[in-house]
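Here is the structure we will look at, set down as structure tokens.
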Amino acid sequence: MAEEKEVAEETQPAEEEPQAADASTVREIEEEKAPARAPAAKSVEAADIPPAEKAETPPAREVRTATATPVADELAPPLDAEPEEPFPPLAELRGQTDIYYYGTGRRKTASAQVRLYPSKEPAIVVNDLRVDEYFPRPADIRLLKTPLQVTATEDMFRITVKVRGGGISGQAGAIRHGIARALTKANPELRRTLRREGSLTRDPRMKERKKPGLKRARKAPQYTKR
């Protein structure tokens, strides 16, 4: 009996050892297989997107600069643009009846259309009459000649005027304004002198309309308390 027990004890651990060895080997095989699968998945993801397609897509900054360059080219002035021709000197224009400088003047309700013809025989004609025949008062003649006297061009032009509307003083102021504007077209350098003298400024003073309840624009009837 004792011999049988010893034989049984020797056989039991011998049977358990291969079972433990089998479990450990299975775990080692599973652990070796598990990390081997992860890099395989990464390689598949990288293989789906080829590197050639990534290089073809341009970045966002390059697209913005490419769209902005044609706009700058459109705004740039053309290289073949010709410069504007300056006004010819007044000495060369004398004797040419087809060249004149035009200016429109206004004062109160009067409007004057003035033309300056460069000529060696200066004269001022207002509505087909000489200036001293149209304006009986010397003060009005001095007023309309002010731009010519300030710029020293009184003996350089033959002036024709068509004026309508307003009274005598209003028409004289309109002619003065029109002569000053025409002189700036003949010689732009005279603008500062005429501006300082006041001939280029449109006089805004006009007679107001009659108001209801008043005798005139502002005069009211006498107030009586009782």
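The values are calculated or read from the model by the stated rules, or taken from the named source; none is laboratory data. Just so it is clear, the model here is predicted, and its values are computed rather than measured. Note that we place each Cβ from the backbone using ideal geometry, even for glycine, and neighbour counts take in every protein chain shown.
Values computed for the structure shown
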| item | result |
| --- | --- |
| The range 212-226, subset modelled with pLDDT under 95 and either charged (D, E, K, R) or crowded, with 18+ Cβ neighbours inside 10 Å (or both), residue farthest from R164 (Cα to Cα) | R226 |
| Residue in the range 204-211 that is of a type in the set (A, V, I, L, M, F, W, C), assigned by TED's automatic domain parsing to the domain that holds R106, surrounded by 11 or more Cβ atoms within 10 Å (Cβ to Cβ) and not in a helix (DSSP H, G or I) present | no |
| Pair list, Cβ under 7 Å, 6 or more apart: the range 149-160 residue within 18 Å of R196 (Cα to Cα), other residue not aliphatic (A, V, I, L, M) | V150/T193; V150/E197; T151/T193 |
| Qualifying positions in the range 110-139 - polar (S, T, N, Q) and at pLDDT below 95 | S119 |
| Scan of the range 179-203 for residues that are basic (K, R), out of contact with any helix residue (DSSP H, G or I) (no Cβ under 7 Å at 6 or more places or on another chain) and either assigned to a loop (DSSP other than H, G, I, E, B) or within 19 Å of D140 (Cα to Cα) (or both), ordered by number | R181 |
| Meets criteria (in contact with a strand residue (DSSP E or B) (Cβ under 9 Å, 6 or more places away or on another chain) and hydroxyl-bearing (S, T, Y)) for T184 | yes |
| Residues located in the range 98-130, provided they are more than 20 Å from L194 (Cβ to Cβ) and touching a residue at least 12 places away in the same chain (Cβ under 8 Å) | I99, K108, T109, S119, K120, E121, A123, V125, V126, N127 |
| Residue list for the range 138-158, restricted to those being in contact with a helix residue (DSSP H, G or I) (Cβ under 7 Å, 6 or more places away or on another chain) and farther than 15 Å from A110 by Cβ | I141, T146, P147, L148, V150, T151, T153, E154, M156 |
| Filter result for R176 (within 25 Å of D98 (Cα to Cα) and either outside any strand (DSSP E or B) or of a type in the set (S, T, Y) (or both)) | yes |
